[in-house]
1. Can you confirm whether segment 1-13 contains a residue that is touching a His at 6+ places or on another chain (Cβ under 9 Å) and either closer than 12 Å to Ile58 by Cα or among the β-branched types (Val, Ile, Thr) (or both)?
2. For the condition more than 18 Å from Gly77 (Cβ to Cβ), within 12 Å of the chain's Cα centre (by Cα) and surrounded by 11 or more Cβ atoms within 10 Å (Cβ to Cβ), what is the one hit in Lys51, Lys12?
3. Pull out all pairs, ordered by first then second residue, where Cβ-Cβ is under 9 Å, the residues are six or more apart or on different chains, the first lies in segment 68-85 and is free of Cβ contacts under 8 Å to residues at least 60 places away in the same chain, and the second is assigned to a loop (DSSP other than H, G, I, E, B) and surrounded by 12 or more Cβ atoms within 10 Å (Cβ to Cβ).
4. Which of the helices (runs of 4 or more DSSP H) found entirely inside the chain contain at least 3 residues meeting this: among the acidic types (Asp, Glu)?
Amino acid sequence: MPIFISYAHEDKEFAEKLAVHLVRQKAHVWIDQWELKVGDSILEKIQSAIKTASALLIVLSKASVASEWCRRELSAGLMRELEEL
């Protein structure tokens, strides 16, 4: 099961470096820029990835705190956690 990385697009360079580092350490990573293809339903792909992830890693920054997408990803992760209790 992959580690889902949530980040704001302003933090794209940092998030990609982090993902590369994790892959080098043999972690399975899900990051949108590697996994999403043209024509994919972004919402469906992200929801599915969060549901099957072993962990949700959030790149915390001013940009991510202000990002609606990041808030939604965090909420989806929290809802999954509550459902598993």
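Laboratory data are not the source of any read-out in this text; all were calculated from the coordinates shown. It should be emphasised that the depicted structure is a prediction, and the values quoted were computed from it without experimental measurement. Quick reminder, even Gly has a Cβ in these numbers, built from the backbone with ideal geometry, and neighbours come from all protein chains shown.
1. Applying the first criterion (touching a His at 6+ places or on another chain (Cβ under 9 Å)) to segment 1-13 yields 1-3.
Within this subset, residues satisfying the condition of being either closer than 12 Å to Ile58 by Cα or among the β-branched types (Val, Ile, Thr) (or both) are 3.
There is at least one residue in segment 1-13 that is touching a His at 6+ places or on another chain (Cβ under 9 Å) and either closer than 12 Å to Ile58 by Cα or among the β-branched types (Val, Ile, Thr) (or both).
2. The match here is Lys12.
3. Within 9 Å, the pairs are Arg80/Ala53.
4. On the way: elements: 12-24, 32-35, 42-52, 62-66, 68-83.
Answer list for the chain: 68-83.
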